[in-house]
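A short write-up of the structure that comes next.
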Amino acid sequence: MSAVNDTKFTHSVFILTGITGQENTHLWISIAFCFVYIISIIGNSFILFIVKTDPSLHEPMYIFLSLLAITDLALSIATIPTTLGIYLFNSREIDLNACFAQLFFIHLIHCTESSLLLLMAFDRLIAICNPLRYASILTLPRVATMGLVFVLRGVALMIPFPLLLKRFQYCRANVLSHSYCLHQAVMQLACSDITVNYIYGIFTTSFTLGLDLLLILLSYVMILKTALSVASHKESLRALNTCVSHICAVLFFYTGEISLTVIYRIRVNSSHLLESLLGYASLLIPPLMNPIIYSLKSKHLRASIIRVFSK
């Protein structure tokens with residue numbers, strides 16, 4: 001269905017877009033996306049396999065890593081097939097209900113991943129600042145409870161997104177700016193007052209991504225203070241080295257999220273190409289890079305991987 005501006009007509013589908021102006025390169029883009037998709041699926045699945053089969057990895061740090069791998073798998077599965085459908089088969093239409101379901105899961109997964117990165121920062125904080133009580137503080141039941149609480153937080157905060165959007169009629173242009181559905185992009189196509197959606201979107205972003213990032217930064221301030229107070233310079237570097245993988249994961253995730261928030265919420269003028277690239281970066285880079293970074297930087301995980309391949 002083509003985009004129209006008739007205010008008396010309500011759309012029943014949205015039109016997803018690829019990278020506008022790059023139609024001649026869509027085949028090559030799809031090849032790159034397929035490669036990233038396959039590597040992400042294999043990498044995160046392999047992390048889950050290694051952690052599950054190696055009893056020495058059944059501790060909080062690697063449980064959180066497994067949960068992070070699950071969220072990265074879910075993010076890839078929720079978004080990449082739709083994107084590949086556009087680039088490979090020119091399949092651009094998406095039903096309103098399917099679009100609402102997709103944006104709910106995308107925002108829920110983003111919220112959950114942010115929560116996991118916060119829990120992983122808390123894990124590093126306890127391991128470095130209070131190592132003698134690490135096992136007694138981060139027990140497996142407590143880890144499971146914290147994970148469940150944060151997932152429920154995400155579900156409770158993201159359910160209103162599709163419900164708020166379903167009350168609108170969409171009589172403006174029905175062309176979305178991405179190859180997947182996002183709340184901030186869909187609400188701009190409504191022909192009604194979107195003030196409530198706009199305010200709620202800012203609230204959820206602040207209460208999830210903003211609060212989590214603030215607590216992560218505070219955790220690292222305490223970690224840095226403790227590491228610098230250690231008498232041995234070598235021990236300080238060893239303690240900080242255990243945080244490198246997590247710092248990379250935080251940078252990969254929050255850089256894309258903050259950039260998109262700035263573009264949509266503060267209404268910065270930007271090109272469609274820049275929006276598309278930032279959107280794809282936030283979806284593709286974390287699932288692709290997290291397994292690689294943790295496999296390279298985690299000594300115990302790397303040893304387990306070597307044992308598997310040596311067999």
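The values are calculated or read from the model by the stated rules, or taken from the named source; none is laboratory data. Bear in mind that the values here come from a model prediction, so they are computed numbers and not experimental data. Because the Cβ atoms are built from the backbone with ideal geometry, glycine has one as well, and the counts that use them run over all protein chains shown.
The table that follows gives values for the structure above.
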quantity	calculated
Qualifying residue in the range 260-272 (condition: among the basic types (Lys, Arg) and within 26 Å of residue 124 (Cβ to Cβ))	no
Any chance residue 243 is within 22 Å of residue 16 (Cα to Cα) and not small (Gly, Ala, Ser)	no
Qualifying positions in the range 219-232 - touching a helix residue (DSSP H, G or I) at 6+ places or on another chain (Cβ under 9 Å) and assigned to a helix (DSSP H, G or I)	219, 220, 222, 223, 224, 225, 226, 227, 228, 229
Residue, nearest to residue 107 (Cα to Cα), within the range 162-180, restricted to residues that are in contact (Cβ under 8 Å) with a residue 60 or more places away in the chain and of a type in the set (Phe, Trp, Tyr)	180
Test result for residue 235, exposed (fewer than 13 other Cβ atoms within 10 Å of the Cβ), assigned to a helix (DSSP H, G or I) and either at positive phi or among the acidic types (Asp, Glu) (or both)	yes
Total residues in the range 282-302, condition at pLDDT 85 or above and of a type in the set (Gly, Ala, Ser)	2
Tally, over the range 1-21, of residues that are of a type outside the set (Val, Ile, Thr) and at pLDDT 70 or above	5
Neighbours by Cβ (under 9 Å, 6+ apart or cross-chain): first from the range 86-105, surrounded by fewer than 18 Cβ atoms within 10 Å (Cβ to Cβ); second in a loop (DSSP other than H, G, I, E, B) and among the aliphatic types (A, V, I, L, M)	91/16; 93/1; 93/16
Search result, residues across the range 207-231 that are surrounded by 13 or more Cβ atoms within 10 Å (Cβ to Cβ), hydroxyl-bearing (Ser, Thr, Tyr) and over 12 Å from residue 121 (Cα atoms)	208, 226
Neighbours by Cβ (under 9 Å, 6+ apart or cross-chain): first from the range 124-142, in contact (Cβ under 8 Å) with a residue 24 or more places away in the chain and under 17 Å from residue 239 (Cβ atoms); second loosely packed, with under 15 Cβ neighbours inside 10 Å and of a type in the set (Lys, Arg)	129/225
Members of the range 143-159 that are touching a residue at least 40 places away in the same chain (Cβ under 8 Å) and buried (at least 16 other Cβ atoms within 10 Å of the Cβ)	143, 147, 154, 157, 158
Given (1) in a helix (DSSP H, G or I); (2) more than 23 Å from residue 115 (Cα to Cα), index of the condition residue 127 fails	(2)
